[in-house]
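The values are calculated or read from the model by the stated rules, or taken from the named source; none is laboratory data. As the structure is a computational prediction, the values presented were derived from the model and not from experiment. A quick note on method: Cβ atoms are made from the backbone with ideal geometry, for glycine too, and the neighbour counts reach across all protein chains shown.
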Amino acid sequence: MFLALPGLQMAVRRYKLKAVIENRVLTQLPAIALKGFIAAEGNTASKVESWFNDHYGFRSLLIRSKNLIDFSVFNTADRVLIGPHGWLFDKPLVETVSVALLRKPRKELERFAGRLLEVDRFLNNRGIDFIILPIPLKHTIYPEFLPETSVTFPDTSTVQLLSEILESKPELTVLNAYEILKRTKQASTVTLFPKTDFHWNNVSTYLTATAL
């Protein structure tokens, strides 16, 4: 009976549940034609399956319940790294994007700096100031709050290395926000990123804007 409840809810929509915020458009029901199911090149069945996966009954309730159990009981989450003292980090950003950046060879960063030099010259010729502001990520400022099972990063991140390369070009104007936040962290107890958010807070933005 329990297994039949999602199907019943899907059919009658008796209970109105708050949708899960996913930052994407849910799959719409495709136009269904019999040949779409039987033709070798047809993909109607897969489209219907995608639609069902986005609209089955009690979907938002089941997703929230699963996430709550994972977080509260097993101290884990699909897209979040759970560190000590309630610190949370964006899992794909830390374990996928940042790791991919680490594999960038210095020559590629030098080429990127060269392209920025071209942009700088283009804008300067038109009387436009070009200021480069690399933004530090949360885990580069607070690596001590990453979970023990997370990726171990070198002391110098790719963004820091890129900033050093850019600062070595006298033609470029570079504001190193990482150094601003790092010095502030070392000199005070003020928090520069919220524990449960991945974006810097008002203190970080104020310090950087003031330096700018």
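Checking ASP120, ASP129 one by one, the residue that is touching a Leu at 6+ places or on another chain (Cβ under 7 Å) and at negative phi is ASP120 and no other. Among the residues of the range 159-174, are any within 28 Å of ALA77 (Cα to Cα), surrounded by 12 or more Cβ atoms within 10 Å (Cβ to Cβ) and in the same structural domain as GLY86 (by TED's automatic domain parsing)? Checked against the condition, which is being within 28 Å of ALA77 (Cα to Cα), surrounded by 12 or more Cβ atoms within 10 Å (Cβ to Cβ) and in the same structural domain as GLY86 (by TED's automatic domain parsing), the range 159-174 yields at least one hit.
Kindly provide the set of residues from the range 124-181 that are more than 30 Å from HIS85 (Cβ to Cβ), of a type in the set (A, V, I, L, M) and at pLDDT 90 or above, ordered by number. First the steps, then the outcome.
At the first step, the residues of the range 124-181 found to be more than 30 Å from HIS85 (Cβ to Cβ) are 124-132, 162, 164-175.
Then drop every residue that is not of a type in the set (A, V, I, L, M), which leaves 128, 131-132, 162, 165-166, 172, 174-175.
If the condition is that a residue be more than 30 Å from HIS85 (Cβ to Cβ), of a type in the set (A, V, I, L, M) and at pLDDT 90 or above, then ILE128, ILE131, ILE132, ILE165, LEU166, LEU172, VAL174, LEU175 are the ones that fit.
Checked against the criterion of being over 27 Å from ASP155 (Cβ atoms) and at pLDDT below 90, the range 101-119 contains not a single residue that satisfies it. Identification of helices (runs of 4 or more DSSP H) wholly contained in the range 1-77 with 3 or more residues that are loosely packed, with under 13 Cβ neighbours inside 10 Å and at pLDDT 65 or above yields 44-55, 59-72. Please give the number of the condition VAL190 fails out of (1) part of a loop (DSSP other than H, G, I, E, B); (2) at pLDDT 95 or above. Result: VAL190 passes all but (2). Of all residues in the range 78-102, which are surrounded by 15 or more Cβ atoms within 10 Å (Cβ to Cβ) and in a loop (DSSP other than H, G, I, E, B)? Across the range 78-102, the qualifying residues are GLY83, TRP87.
For every residue, the table says whether it meets (1) loosely packed, with under 11 Cβ neighbours inside 10 Å; (2) out of contact with any helix residue (DSSP H, G or I) (no Cβ under 9 Å at 6 or more places or on another chain); (3) in contact (Cβ under 8 Å) with a residue 12 or more places away in the chain; (4) closer than 30 Å to PHE71 by Cβ.
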{"residue": "PHE112", "(1), (2), (3), (4)": "no, no, yes, no"}
{"residue": "VAL119", "(1), (2), (3), (4)": "no, yes, no, no"}
{"residue": "TYR142", "(1), (2), (3), (4)": "no, no, yes, yes"}
{"residue": "ALA187", "(1), (2), (3), (4)": "yes, yes, no, no"}
{"residue": "LEU207", "(1), (2), (3), (4)": "no, no, yes, no"}
